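**Student:** Would you mind keeping the following structure in view while I ask a few things?
The values are calculated or read from the model by the stated rules, or taken from the named source; none is laboratory data. Everything numeric in this text was worked out from a predicted model, so none of it was measured. Note that we place each Cβ from the backbone using ideal geometry, even for glycine, and neighbour counts take in every protein chain shown.
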Amino acid sequence: MAVVTMSGSGAAAQGFDPAGDEMQLDQSTPTSPSEVSGQEFDLDEAIMQLAGPVIDRKGEPVITGSVAASMDKSIRSVALNYMRAAKGSREALQKITEEQLDDVKLWLYGVYSLEDVNNSKFLLNVKNVLLRMQSSDIQFPAQYQQIAAALSDKFITVLETPEPDSAAPAASSNTVKAPKSSGAPKAPGEVVKCAPKQKAHPNHPIFGDKGIMHGIWVQKKKSTSYSVDEAHKVDFHVFGHNGLAVGQVWPLMVAAFRDGAHGHRVAGISGSGAGGCYSVVISGTYSDVDKDYGETIKYSSPGSLEADSKADKTSSGTSALLRSIVTGQPIRVLRSAGGHWDGKPSMGFRYDGLYSAESSTEVTKRDGGSYVQFSLRRQGGQPPIDKARPNIEERKQFKLAKAGF
C-alpha cells in the first residue's frame, strides 16, 4: 500500500490546527458523509477522484518531517481562505494555490492510508482536523467535507483507565524512605484509537476464504474502509497478465490491488520512469480529454485538466508511460464503471487485457495550457474484451461486497 508515515515530529504529523487566532469555529458537523451529499458515499472512489491525479503527478507521498510541516502550513492557509470566502471575501479563493490544494489532498490520502497507529494524542489531533474540515464556518468544498466525514469514522473515542502507579521500591536502612504510592486507580480518560479492523468468518460467501473479497479487512462505522491482509497480497511489479484472466472483475479497487492487477488503490497509473508502466485504470476522471474506443485509447497525462502551461513530462505517471513507449513492455488496462466507453463494466472494475503504448503527442488546450496524450493499442492474441462482465450473478455479489459484513 502507500508509503505513508504520519507519526513524525512535524506539526502536521502531530495533527495540525487550521483554526488560528482569528478562526473561531462552529464545531457542529454532519453525522455522515451521506448527509453532506444526500446520497450513498463511496470513500474509496472519492479518494481516487480527489487524490489519485495528484499521486499520478507527484508519486506516492512520504509524509514526514518538513513535508508534514509544509502540509500544516498549506492546510491552515487553505482553511483560512475558505472561511474568508464564506464571509464574502472575493479575493480569498484566488489566494489558494494548486500546491496548497495538493497538500490537502495528499494529507487526506495519508489519513485514508493510516493503519494500526496507537498514538492517542496524534489520532485526536487528526480527528479534530477532520472535524474542522466539516465546519460550516470554514466551508470546504462538499467533496472534501464528505471525505473528512468518512475518514472521521476511522477513529473511535473510548474511556480507558490508566494503570495505577507501581509501589515504590523498598528503602534500605541507611536511606530516607520513599513515599509509597497509594495504588489507587486513576480516573478514566478519553483515548482515541483507530477503529478495529474486522475479518470475516472463513465461510462468509463474499469476504470468506473463497469469496471475491477474501483477504480484505473491514473497518466499519457510518462508512466503510478496507485494508489488505499482506498474506493475500500479490506483487504488482510484473509486466504482463500477472496471473490475471482477461475479463476478471472486482467490486472495489482494493480487491484488484490485492490481486496485483494495479499498484495503487487511488492513482490511475502504476509504474516508474525507470522501468515503465505496469498498469493503468480508465476511470472517467479525465473523460473530458481521454478517448476510449475499446481496442485503442487516447490516454491523457496526469494533470491534463488543470494544465495551464507547458506539458510536464517529468511527473511520475507521465514518465512511466513515456518509458513504456521505449521498452515496448505491455501495460495492463483496467476499466471502471465510471468510464465513458459503451463497453465499460456496469459495476466495479474489469481487466481488459494488455495494451502497448505506441506514441505520445503534446496537446494544446484553448486556454494555452498543454499536456501529453498517449496512444494505447490492445495487443493481439488475447481473448476479446468481455463486455458482459460483470454478469448478473457477479453484480449481485458486488452489491453484497459494498454492504460489508
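**Student:** Quick one: which of ARG377, ARG350 is of a type in the set (D, E, K, R), surrounded by 18 or more Cβ atoms within 10 Å (Cβ to Cβ) and either in contact (Cβ under 8 Å) with a residue 60 or more places away in the chain or in contact with a strand residue (DSSP E or B) (Cβ under 8 Å, 6 or more places away or on another chain) (or both)?
**Tutor:** None of the other options fit; the residue is ARG350.
**Student:** Next question, about the same structure. Which of the strands (runs of 3 or more DSSP E) found entirely inside the range 179-274 contain at least 2 residues meeting this: at pLDDT 85 or above and in contact with a strand residue (DSSP E or B) (Cβ under 8 Å, 6 or more places away or on another chain)?
**Tutor:** 216-220, 269-272
**Student:** Please enumerate the residues belonging to the range 339-396 that are in a strand (DSSP E or B), of a type outside the set (Phe, Trp, Tyr) and more than 21 Å from GLY328 (Cβ to Cβ).
**Tutor:** Matches in the range 339-396: ARG350, GLU362, VAL363, THR364, SER370.
**Student:** Another question about this same structure. Does GLY275 meet the test of being loosely packed, with under 15 Cβ neighbours inside 10 Å and in contact with a Pro (Cβ under 7 Å, 6 or more places away or on another chain)?
**Tutor:** For GLY275, the condition - loosely packed, with under 15 Cβ neighbours inside 10 Å and in contact with a Pro (Cβ under 7 Å, 6 or more places away or on another chain) - is not met.
**Student:** From the residues in the range 323-346 that are surrounded by fewer than 21 Cβ atoms within 10 Å (Cβ to Cβ) and among the hydrophobic types (A, V, I, L, M, F, W, C), which one is farthest from GLN248 (Cα to Cα)?
**Tutor:** VAL326
**Student:** Restricted to the range 90-140, and to residues that are in a helix (DSSP H, G or I) and among the aromatic types (Phe, Trp, Tyr), which residue is farthest from ARG265 (Cα to Cα)?
**Tutor:** PHE122
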